[in-house]
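Visitor: First the structure, then my questions, so here it is.
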Amino acid sequence: MIMSILDTALFATPVPATLGVGFHNVGSGVLRASNEALVKQVERHYGERCGHLPLDAGNVRVLVDQHTTDIRTQMDYLSRLFGKAITPRTLDELRAENEKLAGSAPLVVPYINVPETETHMRDVLGAQPWGLPGNITHALKNKANFYQLADEFDLEGFRPPDYAVSALDDVSNAAKDFLARVEELYHQAGIAGIYPMGVMLRAAESDGNYGCCLVYENSTGIEVVPNGDVEHAQHYTCWQDALASSQKHLAATMNTQKEARIVISRYIDFADSPGMSVVIIDGQVESLGWNSQLQKKGSKACIGTSTYLPRNPHLQRMQQQYEEQTAAFFETFLRMTARKCGVDFASIRGVANVDIMIPGELEQKLQRERKQPVANYLAECNPRWTNYTDAIMTVLGANRKAQTINNMRAVIQAGICTFDKYPLPEKVDVGRVRVCLAERDDVLKQDGTRIICRMAKNPMGLIFAGDVQQAEQEVHAVLTKLSALIQVGEKEKS
């Protein structure tokens, strides 16, 4: 009997891998055209997060640039959680270990398999990394290239918002011209003064909102939100100053020798912005359904993800109407991209994600006035693991479940919610928080609820699974208790 694709292990190989390696290249891979300071900033926060581990391998390793206390203690924690040793290794150490074992090439699972990673893993370790081939990743992750592909393929039901592509040096002027066209569009549609004017400016190789500026009009003036960070929003009274400031911010995040283009897209009134991830195995594409993206008020930045929970009856109807359409669209898009890149689709094993925007009332009115067919908008494509899928794999490891599509769907069905930056009280010891959460998790798991620490920082990276509401209440109780102990200690000292 042939095993269903839904029950096939994601990282299965013809010969069981002696070495299985997770490579969380969230900086050098995801932000490959950002400047060094930004890459290091992101790696400092996310470096110890690595749920995409091939746990069926004989020996499981995590590829790291250098050994740090943070990484070592987090891998010790994951080892206890997964019931299997997770050992950090530098590239030189990994190469020496592989030569000593004299086995087949290690199975490397990067967070994103960009061409640079693919070449390096092949040259140094003789490994073909798991994931979408590098030339497909290159075509999809770049914001400008992705939108241009969407225009070329012209698939029904999903399209980019109005956009333009500019060089960084000219982005302030280009955005000003773009806004003039948008203003004329709103006048013609009879919604000028009603629909807020604004643009999203994104470096073509930006990711996770690192290297972007949201610039929009509100009742008090013009807001500039850099990197999706509302706390650092700046207020201006004229567009010229706001756009000049945005250009300066973008320049401070980019390595223009690698990529100097900026995508300017129209500020969209949207009802919601779900993501959808798919798993590709042996020529088949299986959807994990929509997921919710948690966003701070006043920002489009994703601060966490969860099982999709429509906030109102309208969004519930939208899910029923468009979730399967999103999967069908994305599968066709991926197949067309593979064909364009000269890749045999049946040879691919990987994960990919697309984020869409569901038009709100103003945008629906604009579409009608423009005599356009009803369509959802494409925000971006992430041809890689995401916060969400990485968390699902972490939960599977913690629950000692096989890494299959059916089991991933079961985690989603049971409930999952992630936070990249969960604020902790001042002065609390993050190591102590992780220990206390592990103790509570050990009790809660008996009923299927999990609390998992993925980055022991302040703010902390957390995963709640099962009864998400109970998990968050438990975290709050732990933090309240630890804060009280700190206050008692300070009183005793004084």
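The values are calculated or read from the model by the stated rules, or taken from the named source; none is laboratory data. Not measured: the values here are computed from a predicted model. Note that each Cβ is placed from the backbone with ideal geometry, even for glycine, and that neighbours are counted across all protein chains shown. The accessibility values were calculated without ligands, DNA or RNA, using every heavy atom of the protein model including side chains. Shrake-Rupley method; radii C 1.70, N 1.55, O 1.52, S 1.80 Å.
Visitor: Take region 369-383 and flag every residue that is outside any loop (DSSP other than H, G, I, E, B) and among the small types (Gly, Ala, Ser).
Guide: Listed by number, the list holds a single entry, Ala379.
Visitor: From Glu259, Glu231, Glu205, Glu217, grab the single residue that is in contact with a Pro (Cβ under 7 Å, 6 or more places away or on another chain) and either under 30 Å from Gln319 (Cα atoms) or not hydroxyl-bearing (Ser, Thr, Tyr) (or both).
Guide: Being in contact with a Pro (Cβ under 7 Å, 6 or more places away or on another chain) and either under 30 Å from Gln319 (Cα atoms) or not hydroxyl-bearing (Ser, Thr, Tyr) (or both) holds for just one of Glu259, Glu231, Glu205, Glu217, which is Glu217.
Visitor: Follow-up. Given the options Lys365, Lys340, Lys371, name the one that is among the charged types (D, E, K, R), farther than 19 Å from Phe11 by Cα, open to solvent by 10 Å² or more (accessible area, probe 1.4 Å) and without any contact (Cβ under 8 Å) to a residue 60 or more places away in the chain. If you could, list the steps in order and put the result at the bottom.
Guide: Details: Lys365 fails: without any contact (Cβ under 8 Å) to a residue 60 or more places away in the chain; Lys340 fails: without any contact (Cβ under 8 Å) to a residue 60 or more places away in the chain.
Residue meeting the stated conditions: Lys371.
Visitor: Okay, moving on. Can you tell me which residues in region 20-42 are over 15 Å from the mean Cα position of the chain (by Cα) and among the aliphatic types (A, V, I, L, M)?
Guide: Val21, Ala33, Ala37, Leu38, Val39
Visitor: Among the residues that make up region 393-405, is at least one of them closer than 24 Å to Val475 by Cα and touching a Phe, Trp or Tyr at 6+ places or on another chain (Cβ under 6 Å)?
Guide: yes
Visitor: Still on this structure, I have one more. Go through region 162-279 and tell me which strands (runs of 3 or more DSSP E), entirely inside it, have 1 or more residues that are within 28 Å of Asn376 (Cβ to Cβ) and open to solvent by less than 40 Å² (accessible area, probe 1.4 Å).
Guide: Values: elements: 163-167, 198-207, 210-218, 221-226, 234-236, 261-266, 270-272.
Answer list for region 162-279: 163-167, 198-207, 210-218, 221-226, 261-266, 270-272.
Visitor: For Tyr308, are the conditions met, namely being at pLDDT 95 or above and more than 20 Å from Leu6 (Cα to Cα)? Before the answer, list the steps.
Guide: Numbers: at pLDDT 95 or above: no; more than 20 Å from Leu6 (Cα to Cα): yes.
No, not satisfied.
Visitor: Give the residues of region 117-154 that are in a helix (DSSP H, G or I), under 17 Å from Leu94 (Cα atoms), touching a residue at least 12 places away in the same chain (Cβ under 8 Å) and not hydroxyl-bearing (Ser, Thr, Tyr), sorted by residue number.
Guide: Within region 117-154, Glu118, Met121, Val124, Leu125 meet the criteria.
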